[in-house]
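Chemist: Could you have a look at this structure, given as structure tokens, before my questions?
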Amino acid sequence: MHYISTRGIAARHTFSTILLGGLAEDGGLYLPESYPQVTDDELNLWRTYSYADLACAVLAKFATDIPLADLRTLTQKTYTGKVYCNAGDGDASQITPLKQLEPGLYLQGLSNGPTLAFKDMAMQLLGNLFEYTLDKQHAELNIFGATSGDTGSAAEYAMRGKRGIRVFMLSPYKKMSAFQTAQMFSLDDSNIFNIAVEGVFDDCQDMVKAVSSDLHFKSLYKIGTVNSINWARVVAQVVYYFRGYLSVTATNSEKVSFTVPSGNFGNVCSGHIARMMGLPIDKLVVATNENDVLDEFFKTGTYQVRKAHQTFHTSSPSMDISKASNFERFVFDLIGRDSQRLTALFKKVESTGGFDLSGRPGSDGDEFNRVAGFGFLSGKSVHRDRLATLRQVYEKYGTIVDTHTADGIKVALEHRDQQVPMIILETALPAKFNETIHEALGFDAPRPAGFERIETLPQRFVVMQADVEQVKSYIAHQTEC
């Protein structure tokens, strides 16, 4: 299998070639030339698989240049009960446990990894894939990424101590929860560098793209990324859509819908890919917070990014994003994989802040009328909704969820079809957002062992302006030390 850029200029590449990078040379995002398809016989066989074996089977369709035996070794090393032990107590069958809230309504647990967030599901595999590939190439890698909360800690925990890897992680200064901040900044591994940026997540994300677009600097300092613009991370997340579907259904004639809390469009993009592969997904419901750029698009056909001062700091901070990086991958499919048109649309995002596919007079196209064919719906949840949902879920189901998952539940209930099971993807354990849990419920969220006093640990980080040249200088200095 080969990969092409959404912008249509970069050369075709194999999975291993694009694994260590982020943006394509032309500034686009990588996608396979065509999506591999899953047969009925494969789905039936996969119903019997462990999570590690299922991950190997799905990845084998995309990473055709990695020997199957090596892929199996990597997935079996990654997806163990020891690594994902918070809910399963070492039981590998509990890696992504399903909890039925009521008939036809499920919560898929994705927070059993070392940083208590769904990002661990892909990041732990990515760490092992990076180490495997770098070892084969006798190479080193400087990972440069941005986080609004969970990506950073998941990446750092996955890469700490890995041979030949340094991590430089940007985060918006004082805009993550106290728990999220402590998870990242308390790490003292010599290959981990935390940079707190005076701005919002989109400022951090823009700097990652700027550095990735500087091909000379990227090559000289061996820059790679773990943000969801990295194709391997998106593919690794496809696996749990298959697991969720296979766990809820008995036959392949049944359909299932998923609701996904989303800011950067990476998590729900993985669901889109699973659906394009032939997984019988009925609806993909995008749940946003007050930063509702995606909800606006899926309701109106207009994609209009917000500036930093227009981006709200909310109680579901990992979705405080107003420029969804992975959205380009979906738009590419939506407009029929027309690279020239895609490039023009996203140049307009940079120049005017957005584009309009509603079909109205003066719009940039009418492809919004195709959105329903891809199964997308959306909804929005704000702070008062979040508090109400947290109380409702606790009182009705005896379950405590995190704030982002609460956004997902609120929107899922609005779009629920009683004839089709609905799976809500959990994003994190509630302890990561205890301030809001306490506000809603009047008591603290439970914490797994080992995290009781994480906020009191010493923290190591540097504060910088949102200045690309300054961060480049910092990376260069640390790499050359």
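Chemist: Consider segment 40-59. How many of its residues are without any contact (Cβ under 8 Å) to a residue 24 or more places away in the chain and either of a type in the set (Phe, Trp, Tyr) or more than 13 Å from LEU129 (Cβ to Cβ) (or both)? If you could, list the steps in order and put the result at the bottom.
Modeler: Narrowing segment 40-59 to residues without any contact (Cβ under 8 Å) to a residue 24 or more places away in the chain: 41-42, 45, 48-49, 53, 56-57.
Of the ones still in play, those that are also either of a type in the set (Phe, Trp, Tyr) or more than 13 Å from LEU129 (Cβ to Cβ) (or both) are 41-42, 45, 48-49, 53, 57.
Matching residues across segment 40-59 total 7.
Chemist: Let me ask something additional. Show the residue pairs meeting these rules: Cβ distance below 6 Å; 6+ apart or different chains; first residue within segment 66-78 and under 10 Å from ALA52 (Cβ atoms); second residue in a helix (DSSP H, G or I) and hydrophobic (A, V, I, L, M, F, W, C).
Modeler: Going by the 6 Å Cβ cut-off, the qualifying pairs are ARG72/CYS56; THR75/ALA52; THR75/ALA55; THR75/CYS56; GLN76/ALA52; THR78/LEU125.
Chemist: Can you tell me which condition LYS99 does not meet? The list is (1) surrounded by fewer than 24 Cβ atoms within 10 Å (Cβ to Cβ); (2) under 16 Å from ALA236 (Cα atoms); (3) among the basic types (Lys, Arg), and all the others hold.
Modeler: The failed condition is (2).
Chemist: Scan VAL285, VAL293 and give me the residue that is free of Cβ contacts under 8 Å to residues at least 40 places away in the same chain and aliphatic (A, V, I, L, M). So that I can check it myself, show each step before the final result.
Modeler: Numbers: VAL285 fails: free of Cβ contacts under 8 Å to residues at least 40 places away in the same chain.
The conditions single out VAL293.
Chemist: While we're here: When THR80 is evaluated against the numbered criteria (1) surrounded by fewer than 16 Cβ atoms within 10 Å (Cβ to Cβ); (2) more than 30 Å from PHE346 (Cβ to Cβ); (3) modelled with pLDDT under 95, which criterion, by number, is the only one it fails?
Modeler: Of the numbered conditions (1) surrounded by fewer than 16 Cβ atoms within 10 Å (Cβ to Cβ); (2) more than 30 Å from PHE346 (Cβ to Cβ); (3) modelled with pLDDT under 95, the odd one out for THR80 is (1).
Chemist: Tell me, which strands (runs of 3 or more DSSP E) wholly within segment 225-344 include 3 or more residues that are buried (at least 22 other Cβ atoms within 10 Å of the Cβ) and of a type outside the set (A, V, I, L, M)?
Modeler: 256-261
Chemist: Could you please tell me which pairs satisfy a Cβ distance under 6 Å, a separation of 6+ or placement on different chains, a first residue in segment 13-31 that is on the phi > 0 side of the Ramachandran plot, and a second residue that is surrounded by 20 or more Cβ atoms within 10 Å (Cβ to Cβ)?
Modeler: Listed by first residue and then by second, the contacts come to GLY27/ARG7.
Chemist: Can I ask one more? Could you go through segment 224-236 and let me know if any residue there is modelled with pLDDT of 90 or more, under 20 Å from THR479 (Cα atoms) and under 21 Å from the mean Cα position of the chain (by Cα).
Modeler: Among the residues of segment 224-236, not one is modelled with pLDDT of 90 or more, under 20 Å from THR479 (Cα atoms) and under 21 Å from the mean Cα position of the chain (by Cα), which makes the answer no.
Chemist: Could you check segment 1-67 for helices (runs of 4 or more DSSP H) lying wholly inside it with 1 or more residues that are at pLDDT 95 or above and within 20 Å of ILE281 (Cα to Cα)? Talk me through it step by step, then tell me what you get.
Modeler: Details: elements: 15-19, 40-46, 51-60.
Counting at least 1 such residues, we get 40-46, 51-60.
Chemist: Residues to consider are ALA57, ALA52, ALA11; find the one that is of a type in the set (Gly, Ala, Ser) and surrounded by fewer than 16 Cβ atoms within 10 Å (Cβ to Cβ).
Modeler: Working: ALA57 fails: surrounded by fewer than 16 Cβ atoms within 10 Å (Cβ to Cβ); ALA52 fails: surrounded by fewer than 16 Cβ atoms within 10 Å (Cβ to Cβ).
Going through ALA57, ALA52, ALA11 in turn, just one is of a type in the set (Gly, Ala, Ser) and surrounded by fewer than 16 Cβ atoms within 10 Å (Cβ to Cβ): ALA11.
Chemist: Being within 30 Å of LEU116 (Cβ to Cβ) and surrounded by 14 or more Cβ atoms within 10 Å (Cβ to Cβ) is the filter here; which residues of segment 450-481 pass it? Full working, then the answer.
Modeler: Within segment 450-481, the subset within 30 Å of LEU116 (Cβ to Cβ) is 450-464, 466, 471, 474-475, 478.
Once the filter is applied, which keeps residues that are within 30 Å of LEU116 (Cβ to Cβ) and surrounded by 14 or more Cβ atoms within 10 Å (Cβ to Cβ), segment 450-481 yields PHE451, ILE454, GLU455, GLN459, ARG460, PHE461, MET464, ALA466, VAL471, TYR474, ILE475, GLN478.
Chemist: Also: Which condition breaks for TYR241 when tested against (1) within 15 Å of LEU279 (Cβ to Cβ); (2) in contact (Cβ under 8 Å) with a residue 60 or more places away in the chain; (3) in contact with a Leu (Cβ under 8 Å, 6 or more places away or on another chain)?
Modeler: Failing condition for TYR241: (2).
Chemist: Determine the pairs where a residue that is over 11 Å from SER190 (Cα atoms), located within segment 152-165, has a partner that is at pLDDT below 90 and crowded, with 24+ Cβ neighbours inside 10 Å with Cβ atoms under 6 Å apart, the partner being 6 or more residues away or on another chain.
Modeler: So the pair list comes out as ALA155/VAL226.
Chemist: Where the second residue is of a type in the set (Lys, Arg) and assigned to a helix (DSSP H, G or I) and the first is farther than 23 Å from THR436 by Cβ and lies in segment 304-326, which pairs have Cβ atoms under 8 Å and are six or more apart or on separate chains?
Modeler: Every condition considered, the pairs that remain are SER325/LYS209.
Chemist: Restricting to segment 190-204, give me the number of residues that are free of Cβ contacts under 8 Å to residues at least 60 places away in the same chain and not hydroxyl-bearing (Ser, Thr, Tyr).
Modeler: If we filter segment 190-204 for residues that are free of Cβ contacts under 8 Å to residues at least 60 places away in the same chain, which is where we start, we get 190-192.
Of the ones still in play, those that are also not hydroxyl-bearing (Ser, Thr, Tyr) are 191-192.
Selection size over segment 190-204: 2.
Chemist: Which pairs do you get when a residue that is over 14 Å from VAL468 (Cα atoms), found in segment 205-223, comes within reach of a residue that is among the charged types (D, E, K, R), reach meaning Cβ atoms under 6 angstrom, with the pair 6+ apart or on two chains?
Modeler: Here the result reads LYS222/GLU140, each pair linking segment 205-223 to a residue that is among the charged types (D, E, K, R).
Chemist: Still on this structure: Has segment 382-390 got any residue that is free of Cβ contacts under 8 Å to residues at least 12 places away in the same chain and under 28 Å from GLY278 (Cα atoms)?
Modeler: Taking every residue of segment 382-390 in turn, none turns out to be free of Cβ contacts under 8 Å to residues at least 12 places away in the same chain and under 28 Å from GLY278 (Cα atoms).
Chemist: Looking only at segment 128-147, decide whether some residue is under 29 Å from VAL256 (Cα atoms), buried (at least 16 other Cβ atoms within 10 Å of the Cβ) and either aliphatic (A, V, I, L, M) or touching a Ser or Thr at 6+ places or on another chain (Cβ under 6 Å) (or both). Spell out how you get there, then give the answer.
Modeler: Filtering segment 128-147 for residues under 29 Å from VAL256 (Cα atoms) gives none.
Checked against the condition, which is being under 29 Å from VAL256 (Cα atoms), buried (at least 16 other Cβ atoms within 10 Å of the Cβ) and either aliphatic (A, V, I, L, M) or touching a Ser or Thr at 6+ places or on another chain (Cβ under 6 Å) (or both), segment 128-147 yields no hits at all.
Chemist: Which one of these does THR73 not meet: (1) under 24 Å from LEU110 (Cβ atoms); (2) assigned to a loop (DSSP other than H, G, I, E, B); (3) at pLDDT 95 or above?
Modeler: All conditions are met except number (2).
Chemist: Restricted to segment 176-193, and to residues that are in contact with a strand residue (DSSP E or B) (Cβ under 6 Å, 6 or more places away or on another chain) and in a helix (DSSP H, G or I), which residue is surrounded by the fewest Cβ atoms within 10 Å (Cβ to Cβ)? Reasoning before the result, please.
Modeler: If we filter segment 176-193 for residues that are in contact with a strand residue (DSSP E or B) (Cβ under 6 Å, 6 or more places away or on another chain), which is where we start, we get 184-185, 191-193.
Right, trim to in a helix (DSSP H, G or I) and you get 184-185.
Values: MET184: 28, PHE185: 22.
Filtering segment 176-193 for residues that are in contact with a strand residue (DSSP E or B) (Cβ under 6 Å, 6 or more places away or on another chain) and in a helix (DSSP H, G or I), the one surrounded by the fewest Cβ atoms within 10 Å (Cβ to Cβ) comes out as PHE185.
The values are calculated or read from the model by the stated rules, or taken from the named source; none is laboratory data. Please read all numbers here as calculations on a predicted model, not as lab measurements. Glycine gets a Cβ as well: all are built from the backbone with ideal geometry, and neighbour counts include every protein chain shown.
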